[in-house]
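Enquirer: Can you keep this structure in mind? I'll have questions shortly.
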Amino acid sequence: MRIIVISDTHGAYNRLYKVVMNNFKADAFIHLGDCLDECMELLKNFPALAERFYFVKGNCDYGSSVPTYKIIDIAPGHRIFATHGHRYGVNYDTGTILSTAKVNNCDIVVFGHTHVRLCTYEDGVHIMNPGSASRPRDGKPASYGFIDITEAGIVTNNVSIT
């Protein structure tokens, strides 16, 4: 199973479109916020994506009624905690978001907000920030991430958008 993770497009529909089209056969897509207009446009243009496209509200998604987090039972035995991250202190560390994932029996946590890529594994939980698809802050190109769930285990990685 392949899951594409994207965050912080900040109105750059072309970036979201490119990532989705380049990975159209993925099993699921998760957008981690600061994306409301472009996510709505994508789903309007490709309504069949709705059943495998998840997104949460970011701190710049003003007036949105979209939830700030989702718990996604993605595959047998695997559960994802997806959030933008601004309410979990991710600018400082991943302690709070890791604890929240564990309390919710999630073995994967994905978040955005910092615009900085991260893939790590801590205390039984895979932690990923795909960076920003439009405004990276880590000196690297714009990016997204992927999660592969196989019988052999879980692989997470970040990919530059070229």
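The values are calculated or read from the model by the stated rules, or taken from the named source; none is laboratory data. Model, not experiment: these values are computed from the prediction. Please note: Cβ atoms are built from the backbone with ideal geometry, for glycine as well, and neighbour counts cover all protein chains shown. Accessible surface areas use protein heavy atoms only, side chains included; no ligands, DNA or RNA. Shrake-Rupley method; radii C 1.70, N 1.55, O 1.52, S 1.80 Å.
Enquirer: Identify, from the list Ile127, Ile147, the residue that is farther than 19 Å from Gly58 by Cα, in a strand (DSSP E or B), touching a Ser or Thr at 6+ places or on another chain (Cβ under 6 Å) and hydrophobic (A, V, I, L, M, F, W, C). Don't jump to the end; show me each part of the working.
Expert: On the way: Ile127 fails: farther than 19 Å from Gly58 by Cα.
Just one listed residue meets the conditions, Ile147.
Enquirer: Please work out if Arg117 is farther than 13 Å from Val5 by Cα and of a type outside the set (Gly, Ala, Ser).
Expert: Values: farther than 13 Å from Val5 by Cα: no; of a type outside the set (Gly, Ala, Ser): yes.
No.
Enquirer: Restricting the search to the range 115-134, which residues are more than 15 Å from the chain's Cα centre (by Cα) and open to solvent by 50 Å² or more (accessible area, probe 1.4 Å)?
Expert: Within the range 115-134, Tyr121, Glu122, Asp123 meet the criteria.
Enquirer: For the range 118-146, name all the residues that are of a type outside the set (Ser, Thr, Tyr), closer than 16 Å to Gly33 by Cβ and in contact with a strand residue (DSSP E or B) (Cβ under 6 Å, 6 or more places away or on another chain).
Expert: Leu118, Met128, Asn129, Pro130, Gly131, Ala133, Gly145
Enquirer: Follow-up question, since we're still on this one. Taking Gly63 as meeting all but one of (1) surrounded by fewer than 18 Cβ atoms within 10 Å (Cβ to Cβ); (2) in contact with a strand residue (DSSP E or B) (Cβ under 9 Å, 6 or more places away or on another chain); (3) at pLDDT below 95, write down the number of the exception.
Expert: Here Gly63 clears every test but (2).
Enquirer: Consider His10 against the criteria (1) touching a residue at least 60 places away in the same chain (Cβ under 8 Å); (2) in contact with a His (Cβ under 7 Å, 6 or more places away or on another chain): it satisfies all of them except one. Which criterion is unmet?
Expert: Answer for His10: the failing condition is (2).
Enquirer: Would you check if Arg79 is assigned to a helix (DSSP H, G or I) and within 19 Å of Gly145 (Cα to Cα)?
Expert: On the way: assigned to a helix (DSSP H, G or I): no; within 19 Å of Gly145 (Cα to Cα): yes.
When the stated conditions are applied, Arg79 does not pass them.
Enquirer: Which condition breaks for Cys106 when tested against (1) open to solvent by 30 Å² or more (accessible area, probe 1.4 Å); (2) without any contact (Cβ under 8 Å) to a residue 60 or more places away in the chain; (3) in a loop (DSSP other than H, G, I, E, B)?
Expert: With (1) open to solvent by 30 Å² or more (accessible area, probe 1.4 Å); (2) without any contact (Cβ under 8 Å) to a residue 60 or more places away in the chain; (3) in a loop (DSSP other than H, G, I, E, B) applied to Cys106, the lone miss is (1).
Enquirer: Sort through Ile80, Ile147 and tell me the only one that's crowded, with 18+ Cβ neighbours inside 10 Å, touching a Cys at 6+ places or on another chain (Cβ under 7 Å), touching a residue at least 12 places away in the same chain (Cβ under 8 Å) and closer than 22 Å to Thr9 by Cα.
Expert: Numbers: Ile147 fails: touching a Cys at 6+ places or on another chain (Cβ under 7 Å).
None of the other options fit; the residue is Ile80.
Enquirer: For the range 50-59: of the residues being open to solvent by less than 50 Å² (accessible area, probe 1.4 Å) and hydrophobic (A, V, I, L, M, F, W, C), which is nearest to His84 (Cα to Cα)?
Expert: Looking at residues that are open to solvent by less than 50 Å² (accessible area, probe 1.4 Å) and hydrophobic (A, V, I, L, M, F, W, C), I get Val56.
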